[in-house]
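Down below is the structure, laid out as structure tokens.
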Amino acid sequence: MVDIIYPLSFLAAASALLALVMLFAKDALTCAMALLGVLLSTAGIYGMIGAHFVATIQLVVYAGAIMVLFVFSIMLLNLKKLGDRFPITSPRFLIGAVSGLAIVGAGTWGILQWIPQSYGTWDNQAMLAAGGNTRILAHSLFTQHAIAFEAVSVALIVALVGAVTLAKRKFE
């Protein structure tokens, strides 16, 4: 376990640094490439901790397909540099940052309070007895959370149709 701590901390630091680049870059393509770096380092973290299926899905779905969709959207919308429209020193930025951190903190606290009560603890023996983590994930996703899974897919399709509609209006 000790031998993977340093590569994991390097990947986590790279992911955090690229996330900051993604947040503060002014060019849309730079943001997309920083997001790609975050997704690749996250896949590396998953691979290092032994979740190879999740790492593969992270690479194929997110780093592959979703990033192609983002880059095509940036190219289709012809986004340019926005300049300094929202400076860091403005009061609106401070209010937004504090509000965002409060929402993330409250959500994290709520999830950490909910997880141990809802599913119990899963150790390696319990996962192997249930058929492995992929089977547990698939069973949970397509039985207990099927409506949420379908709602997310419908929301993604609606967002894609909306983006194409907005881009079409801009060119007409």
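The values are calculated or read from the model by the stated rules, or taken from the named source; none is laboratory data. Computed from a predicted model, the values in this text were never measured in an experiment. Reconstructed Cβ throughout: ideal geometry from the backbone, glycine too, with neighbour counts over all protein chains shown.
Numbers for the structure displayed
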| read-out | value |
| --- | --- |
| Residues satisfying the stated conditions in segment 21-31, i.e. under 30 Å from L141 (Cβ atoms) and surrounded by 18 or more Cβ atoms within 10 Å (Cβ to Cβ) | C31 |
| Scan of segment 104-152 for residues that are modelled with pLDDT under 70, hydrophobic (A, V, I, L, M, F, W, C) and touching a helix residue (DSSP H, G or I) at 6+ places or on another chain (Cβ under 9 Å), ordered by number | W122 |
